[in-house]
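Enquirer: Take this structure, written in structure tokens, and hold onto it; I'll ask about it next.
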Amino acid sequence: MPVDPPSPPAGQRFQMLWDCPRCDTPKLLGLSHRNCPNCGAPQDPTTRYFPAEADKIAVEDHPFVGADKQCSGCEAPNAATAAFCVGCGASLEGAGPVVRRASQTEGEAGFAADSAKSALAEQRAAKQAARAEAPAPRNAFPRIPTVAAVFGLAICAGVAAMFAGMFWKQDAGVVVSGHSWSRSIAVEQLQTVTESAWRDAVPTDARGVSCMQEERSTKQVADGQDCQTVRHDNADGTFSEDEKCTTKYRDEPVYDQKCGYTVDRWRQTRVEKSGAESLEPAPVWPSVLLSGAGTSTVGSEREGARTEKYTVKFKEEGDAGRLLGCDVPEAQWQTLAEGTRWIAPVGVVSDSIDCTGLKAP
Ligand SMILES: [Zn+2]
Ligand SMILES: [Zn+2]
């Protein structure tokens, strides 16, 4: 079966290390020492580890041929190009690749120390993670969360009931017991005011505009790179180092012209009010004396917003006999004569009355 030639790993290649399990010789070379040079024990590829910086040995003039194959008979690692195991001579037809260490990224204090023990721990963790990803058997509903859910629902229902109570209304007989009204007119004066704004927001009628440079905002500017060395296991007894870089950014101020100026603007200076606690005489707007009315010179006045409010007071029939009130349009207010009887939705808990629901008894 034709196999695609492996793409060579990027960056400089170095030897992975392994420790002889038989004679304890440490730091044997992953690529060069397929057997312990001291006692002849075969290399166990699952115990390969990354060397400390001081123990790095560069791989020279050794072409990359792909990840090692692991002999299914004796577990010895074999070059990807080998047809028969160097350890036991068995055919490597169908042999899978050796286990590959997870890549290591350089931290603040360099690379974390590595060892055969770490390599084995990493493989155990990977196996556990693979098991956890497999679909778990279906469980009966867990008991404690159910209790918590019921309790939570009860609380929610209680809160909802409280809110409902606030708005709970029932029809009741009420008698009109009084009226009140109020009307107001705001008075504005044209004043010369001092304001400030960014250049592009200075109004066209501004006078005496004077601007100064100020920081308006900031923008992100690329500021070099943050690079870390990353080690990748090539699974042939070597690893490669390459750089992983991310662009750094810094905030740079953006300047603009901030301008001070004077401008003539209408400002509310007072409110004229009228009102009474009765239906008669009919409501009137307060009289407003404006100085310099009709002109647009500084100091002249004009009318601003008008507001009006018409309140009907009711006494609830029965023993409770609460005093309730609501605001209605003026036309309706005038028709609700004192002493007349009506049916209206009245708050059971709250002292409220809904005048949109007023009905003749
Ligand atoms: Zn040995
Ligand atoms: Zn073998």
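Enquirer: Among the residues in the range 6-14, are any within 18 Å of A82 (Cβ to Cβ), more than 16 Å from ligand 2 (Cβ to nearest atom), surrounded by fewer than 16 Cβ atoms within 10 Å (Cβ to Cβ) and of a type outside the set (S, T, N, Q)?
Expert: Yes, the range 6-14 contains at least one residue that is within 18 Å of A82 (Cβ to Cβ), more than 16 Å from ligand 2 (Cβ to nearest atom), surrounded by fewer than 16 Cβ atoms within 10 Å (Cβ to Cβ) and of a type outside the set (S, T, N, Q).
Enquirer: Moving to a separate point now. Against the condition within 21 Å of A121 (Cα to Cα) and more than 16 Å from ligand 1 (Cβ to nearest atom), how does S72 come out, does it pass?
Expert: Working: within 21 Å of A121 (Cα to Cα): no; more than 16 Å from ligand 1 (Cβ to nearest atom): yes.
In short, no.
Enquirer: When you go through (1) crowded, with 18+ Cβ neighbours inside 10 Å; (2) over 47 Å from the mean Cα position of the chain (by Cα); (3) of a type in the set (K, R); (4) more than 16 Å from ligand 2 (Cβ to nearest atom) one by one for R48, which number turns out not to apply?
Expert: R48 satisfies all of (1) crowded, with 18+ Cβ neighbours inside 10 Å; (2) over 47 Å from the mean Cα position of the chain (by Cα); (3) of a type in the set (K, R); (4) more than 16 Å from ligand 2 (Cβ to nearest atom) except (2).
Enquirer: Would you mention how many residues in the range 70-84 are within 9 Å of ligand 2 (Cβ to nearest atom), farther than 17 Å from T238 by Cα and not in a strand (DSSP E or B)?
Expert: Going through the range 70-84 one residue at a time, the tally reaches 5.
Enquirer: Within the range 95-103, is there a residue that is hydroxyl-bearing (S, T, Y) and assigned to a loop (DSSP other than H, G, I, E, B)? Walk me through it before giving the result.
Expert: First, pick out the residues of the range 95-103 that are hydroxyl-bearing (S, T, Y): 103.
After this cut, where a residue has to be assigned to a loop (DSSP other than H, G, I, E, B) as well, the list is 103.
Within the range 95-103, one or more residues are hydroxyl-bearing (S, T, Y) and assigned to a loop (DSSP other than H, G, I, E, B).
Here's the yes/no breakdown for (1) more than 16 Å from ligand 1 (Cβ to nearest atom); (2) touching a Pro at 6+ places or on another chain (Cβ under 8 Å):
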{"site": "F14", "(1), (2)": "yes, yes"}
{"site": "R22", "(1), (2)": "no, no"}
{"site": "L31", "(1), (2)": "yes, no"}
{"site": "D44", "(1), (2)": "no, yes"}
{"site": "Y49", "(1), (2)": "yes, no"}
{"site": "D55", "(1), (2)": "yes, no"}
{"site": "F64", "(1), (2)": "yes, yes"}
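Enquirer: Can you say whether V288 is aliphatic (A, V, I, L, M), surrounded by 11 or more Cβ atoms within 10 Å (Cβ to Cβ), out of contact with any Gly (no Cβ under 9 Å at 6 or more places or on another chain) and modelled with pLDDT of 90 or more, as far as the supplied structure shows? Before you say what the answer is, go through the steps one by one.
Expert: Values: aliphatic (A, V, I, L, M): yes; surrounded by 11 or more Cβ atoms within 10 Å (Cβ to Cβ): yes; out of contact with any Gly (no Cβ under 9 Å at 6 or more places or on another chain): yes; modelled with pLDDT of 90 or more: yes.
Yes, satisfied.
Enquirer: Being in contact with a strand residue (DSSP E or B) (Cβ under 9 Å, 6 or more places away or on another chain) and exposed (fewer than 13 other Cβ atoms within 10 Å of the Cβ) is true for just one of G321, G275. Which residue is that?
Expert: Working: G275 fails: exposed (fewer than 13 other Cβ atoms within 10 Å of the Cβ).
After applying the criteria, what remains is G321.
The values are calculated or read from the model by the stated rules, or taken from the named source; none is laboratory data. All figures in this text were calculated on a predicted structure; none of them were measured in a lab. Note that each Cβ is placed from the backbone with ideal geometry, even for glycine, and that neighbours are counted across all protein chains shown.
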